[in-house]
Amino acid sequence: MSVGATKSWCGLIMNIAVSGIQWGDEGKGKIVDWLAEKHDVIVRFQGGNNAGHTLVVAGTTFKLSLIPSGILHEGTLNVIGGGTVLDPWAFLDEVRSIARSGVKVTPDRLVIADNTPLLLPIHRELDQLREDAADKGKIGTTLRGIGPAYEDKIGRRAIRLADLADRDRIRARLEKLDLHHNALRRGLGAESTDLDSLHRDLLAIAPEITVFGRPVWKLLDDMSAQGSRILFEGAQGALLDIDHGTYPFVTSSSTLPGTAASGAGIAPQRIGHILGICKAYCTRVGAGPFPTELFDSTAQYLADKGHEKGTVTGRNRRCGWFDATLARQVCITAGIDSLAITKIDVLDGLDEIRIGIGYELDGKRIEHFPSSSDQQARVKPIYESIPGWSGKTESVRQMRDLPNGARQYLDRIEQLTGKPISILSTSPRREDTIELSDAGWC
Ligand code: IMP
C-alpha cells in the first residue's frame, strides 16, 4: 500500500456493488454515503428493515433502515429493488422520521420496485412466535419478520407492491396467505390472524405506498443507457448469507453482491467493481458461531470505543479480533475486488492486536471455515499477534499520517485476504475517509 496516494479510483468505474464481508454492521452506511456523491442512483437489493445505518452528516445524526443512504445527497435517485422485503408501515415511518430532519422523500427521489414482496404484521408476529418457541435454538433475529416474509415470497404466496393497485383482489390474496399462517399459528399455540383489520390497514396504506412503485428494471436500464452511474448497496453481511453464511444463524436473504443483479433487475456484467466493507475487527449481533470472539476486557474496550450497539434493535454487539480466514473465504464467495476498512481508530490505544489466521478443528489445522454447524461451533482460532501502535489513526486523512504500526496492520490484512484496500475510514464523519489509488486495478 503506498503512502499518501490520492488519485480518485472510483471515478473510473461505472457501477459499484458494496457489500459487508462480516456479520453486518461493518459501517457500510458511511461508505455508501461517501460514495453516493459520485453516483446518480443508489439501489438496495436485498434484506429489509432489519438493516440499520447511523450516519453523521454536518453534525446531524440520521438513522436509516430501508431507505438507501443516497437520500442524504440531493440529486441522487434512490431505489429499493424487488429483492428486498418491504414493510410499508416501517417505510412510511422512516420517511416521516427523516422529514423531521429536513430530508424530503418523494417519488421523484425514491422508487420502490413494484415486484417487491410486502412484509406484513403477520410476518413480524410469526418471527416472534418462532423465536419464543425456539428456546435454546433461537437465531436472535431482529424480530422484524424478515424470515417469514421471504418464506412467503419463495412459497409463492406473497403480496407484492403492484398487487395493491388491484384493491378488489387484496382480500383474496390475504385469504390465501392466511390459510398458511393460521396453520402455523395453531401449531405454535397462537390465535388466528385478524384478517379484517389487516385488510382494512392494507387498503388504507395502499395509496400512500403505491405512489413510489415502478418497474425498477426498466428505470435502471434507461438510466444506464443514459450513462448514469449506479451504486448497489448491500445490507447485512456475507457471513449472514443464507447459502454461504454461518447457517442456520443467518438472515433469510442472499446477502452476497451477486444478488445485486437479480435483486435489482440488471445484467450482472453491468457491475464494474465489488467493494467489500469490513471493520478492522469483528462484531456480531444475535446467536451463532464467532471464532475470534473475545470475552475479556478487550471485548469491552472494543464495544465501548466502537459504540457497538445495534442500530435497529439496540442489542449489544459481540466483539472480537479480525478473522482473516473468514475474510479471505468471503472475498472468494462474494467476488470482492477491493476492501474498505472501517473503524481502524477503535484499535488505537491497544497494546497488542491479534488476527485470526487459521483454525484448529479437532486437533488439526484447517485454512477454511467448515460448512457443518457443529464443526463451526468447534473451531478454535489460530492467532498471529502484532504490537499495537502509539499515536492515533482517528480522523487521520492521509495515509502518510498514520502510525507505522497501523500501516503494518493494514498491509497484513491485504496480504492475508489477497485483496487491496481502496478505502480507509478513520471516524464516523464523512470527511474522515481516505481513498487509496494503488489498488492495482484502476
Ligand atoms: P433477521 O434478519 O431479523 O432474520 O435476523 C437473522 C440474523 O441476522 C440475526 O442474527 C440478526 O442479528 C442478524 N442481522 C439481521 N440484520 C442485521 C444487520 O443489519 N446487521 C447485523 N446483523 C443483522
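Taking the residues in the range 147-194 that are over 15 Å from residue 116 (Cα atoms), aliphatic (A, V, I, L, M) and in contact (Cβ under 8 Å) with a residue 24 or more places away in the chain as candidates, determine which candidate is surrounded by the fewest Cβ atoms within 10 Å (Cβ to Cβ).
188
Scan the range 269-276 and tell me whether some residue there is more than 16 Å from the ligand (Cβ to nearest atom), among the β-branched types (Val, Ile, Thr) and in contact with a helix residue (DSSP H, G or I) (Cβ under 7 Å, 6 or more places away or on another chain).
yes
Checking the condition free of Cβ contacts under 8 Å to residues at least 12 places away in the same chain and of a type in the set (Gly, Ala, Ser), which residue from 24, 47, 70, 59 passes?
Values: 24 fails: free of Cβ contacts under 8 Å to residues at least 12 places away in the same chain; 47 fails: free of Cβ contacts under 8 Å to residues at least 12 places away in the same chain; 70 fails: free of Cβ contacts under 8 Å to residues at least 12 places away in the same chain.
59 is the lone residue from the list that is free of Cβ contacts under 8 Å to residues at least 12 places away in the same chain and of a type in the set (Gly, Ala, Ser).
What pairs come up if the first residue lies in the range 235-253 and is over 16 Å from residue 140 (Cα atoms) and free of Cβ contacts under 8 Å to residues at least 40 places away in the same chain, the second is near the ligand (Cβ under 9 Å from one of its atoms) and aliphatic (A, V, I, L, M), and their beta carbons are under 9 Å apart, counting only those six or more places apart or on different chains?
What qualifies is 243/250.
Has the range 386-395 got any residue that is in contact (Cβ under 8 Å) with a residue 24 or more places away in the chain, among the hydroxyl-bearing types (Ser, Thr, Tyr) and touching a Leu at 6+ places or on another chain (Cβ under 6 Å)?
yes
Please tell me if residue 228 is touching a residue at least 24 places away in the same chain (Cβ under 8 Å), touching a helix residue (DSSP H, G or I) at 6+ places or on another chain (Cβ under 7 Å) and not β-branched (Val, Ile, Thr). Reasoning before the result, please.
Numbers: touching a residue at least 24 places away in the same chain (Cβ under 8 Å): yes; touching a helix residue (DSSP H, G or I) at 6+ places or on another chain (Cβ under 7 Å): no; not β-branched (Val, Ile, Thr): yes.
It is false that residue 228 is touching a residue at least 24 places away in the same chain (Cβ under 8 Å), touching a helix residue (DSSP H, G or I) at 6+ places or on another chain (Cβ under 7 Å) and not β-branched (Val, Ile, Thr).
Among 215, 207, 121, which is the only one that is within 24 Å of residue 68 (Cα to Cα), surrounded by fewer than 17 Cβ atoms within 10 Å (Cβ to Cβ) and within 16 Å of the ligand (Cβ to nearest atom)? Spell out the reasoning first.
Values: 215 fails: within 16 Å of the ligand (Cβ to nearest atom); 207 fails: within 16 Å of the ligand (Cβ to nearest atom).
Just a single option satisfies the conditions, and that option is 121.
Let me confirm something: among 198, 202, which residue is away from the ligand (no atom under 16 Å from the Cβ), more than 30 Å from residue 76 (Cα to Cα) and aliphatic (A, V, I, L, M)?
On the way: 202 fails: more than 30 Å from residue 76 (Cα to Cα).
On inspection, the qualifying residue turns out to be 198.
Taking the range 402-431 on its own, how many of its residues are among the acidic types (Asp, Glu) and at pLDDT below 95?
To start, the set of residues in the range 402-431 that are among the acidic types (Asp, Glu) comprises 411, 414, 431.
Then drop every residue that is not at pLDDT below 95, which leaves 431.
Matching residues across the range 402-431 total 1.
Evaluate the following for residue 336: is it touching a strand residue (DSSP E or B) at 6+ places or on another chain (Cβ under 7 Å) and assigned to a loop (DSSP other than H, G, I, E, B)? Even if it seems obvious, please write down each step before you answer.
Values: touching a strand residue (DSSP E or B) at 6+ places or on another chain (Cβ under 7 Å): yes; assigned to a loop (DSSP other than H, G, I, E, B): yes.
Yes.
Return the residues of the range 132-160 that are farther than 20 Å from residue 45 by Cβ and either in contact with a Cys (Cβ under 7 Å, 6 or more places away or on another chain) or of a type in the set (D, E, K, R) (or both); say none if nothing qualifies.
Once the filter is applied, which keeps residues that are farther than 20 Å from residue 45 by Cβ and either in contact with a Cys (Cβ under 7 Å, 6 or more places away or on another chain) or of a type in the set (D, E, K, R) (or both), the range 132-160 yields 132, 135, 136, 138, 156, 157.
Hey, any hits in the range 290-297 for a residue that's within 15 Å of the ligand (Cβ to nearest atom) and either over 17 Å from residue 44 (Cβ atoms) or over 18 Å from the mean Cα position of the chain (by Cα) (or both)?
Looking for residues that are within 15 Å of the ligand (Cβ to nearest atom) and either over 17 Å from residue 44 (Cβ atoms) or over 18 Å from the mean Cα position of the chain (by Cα) (or both), one finds at least one in the range 290-297, hence yes.
With respect to the numbered conditions (1) touching an Asp or Glu at 6+ places or on another chain (Cβ under 7 Å); (2) surrounded by 21 or more Cβ atoms within 10 Å (Cβ to Cβ), which one is the sole condition not fulfilled by residue 284?
Tallying (1) touching an Asp or Glu at 6+ places or on another chain (Cβ under 7 Å); (2) surrounded by 21 or more Cβ atoms within 10 Å (Cβ to Cβ), residue 284 fails exactly one: (1).
Kindly list, by first and then second residue, each pair from a residue in the range 286-298 that is within 11 Å of residue 23 (Cβ to Cβ) to a residue that is acidic (Asp, Glu) and in a helix (DSSP H, G or I), limited to pairs with Cβ atoms under 6 Å and residues at least 6 apart or on different chains.
none
Given (1) outside any strand (DSSP E or B); (2) under 28 Å from residue 241 (Cα atoms); (3) not basic (Lys, Arg), where does residue 42 come up short, assuming only one miss?
(1)
If I filter the range 309-363 down to residues being modelled with pLDDT under 95 and among the charged types (D, E, K, R), which single residue comes out as farthest from the ligand (Cβ to nearest atom)? Full working, then the answer.
Of all residues in the range 309-363, those modelled with pLDDT under 95 come to 309-316.
Retained after the next criterion (residues that are among the charged types (D, E, K, R)): 309, 315.
On the way: 309: 11, 315: 7 Å.
Restricting to residues being modelled with pLDDT under 95 and among the charged types (D, E, K, R), the top hit is 309.
Can you name the residue in the range 31-44 that is more than 14 Å from the ligand (Cβ to nearest atom) and under 18 Å from the mean Cα position of the chain (by Cα) and, of all such residues, is nearest to residue 318 (Cα to Cα)?
31
Out of the residues in the range 45-56 that are surrounded by fewer than 24 Cβ atoms within 10 Å (Cβ to Cβ) and outside any loop (DSSP other than H, G, I, E, B), which is farthest from the ligand (Cβ to nearest atom)? Even if it seems obvious, please write down each step before you answer.
Narrowing the range 45-56 to residues surrounded by fewer than 24 Cβ atoms within 10 Å (Cβ to Cβ): 52-56.
Those left that are additionally outside any loop (DSSP other than H, G, I, E, B): 53-56.
Numbers: 53: 9, 54: 12, 55: 14, 56: 18 Å.
Among them, the one singled out is 56.
Would you confirm, using the coordinates I've provided, whether residue 281 is at pLDDT 95 or above and more than 16 Å from the ligand (Cβ to nearest atom)? Steps first, please.
Working: at pLDDT 95 or above: yes; more than 16 Å from the ligand (Cβ to nearest atom): no.
It is false that residue 281 is at pLDDT 95 or above and more than 16 Å from the ligand (Cβ to nearest atom).
Sort out for me the strands (runs of 3 or more DSSP E) sitting completely within the range 57-174 that have 2 or more residues that are at pLDDT 95 or above and under 17 Å from the mean Cα position of the chain (by Cα).
Hits in the range 57-174: 77-80.
Please tell me if residue 345 is acidic (Asp, Glu), in a helix (DSSP H, G or I) and buried (at least 17 other Cβ atoms within 10 Å of the Cβ). Talk me through it step by step, then tell me what you get.
Details: acidic (Asp, Glu): yes; in a helix (DSSP H, G or I): yes; buried (at least 17 other Cβ atoms within 10 Å of the Cβ): yes.
Yes; evaluated as a whole, the condition is true for this residue.
Hey, can you tell me all the residues within the range 292-330 that are of a type in the set (Asp, Glu) and touching a strand residue (DSSP E or B) at 6+ places or on another chain (Cβ under 7 Å)? Reasoning before the result, please.
Residues of the range 292-330 that are of a type in the set (Asp, Glu), as a first pass: 293, 296, 304, 308, 323.
The answer is 293, 308, 323.
The values are calculated or read from the model by the stated rules, or taken from the named source; none is laboratory data. Just so we're clear, the structure is a prediction, and the values are computed from it rather than from any experiment. Note that each Cβ is placed from the backbone with ideal geometry, even for glycine, and that neighbours are counted across all protein chains shown.
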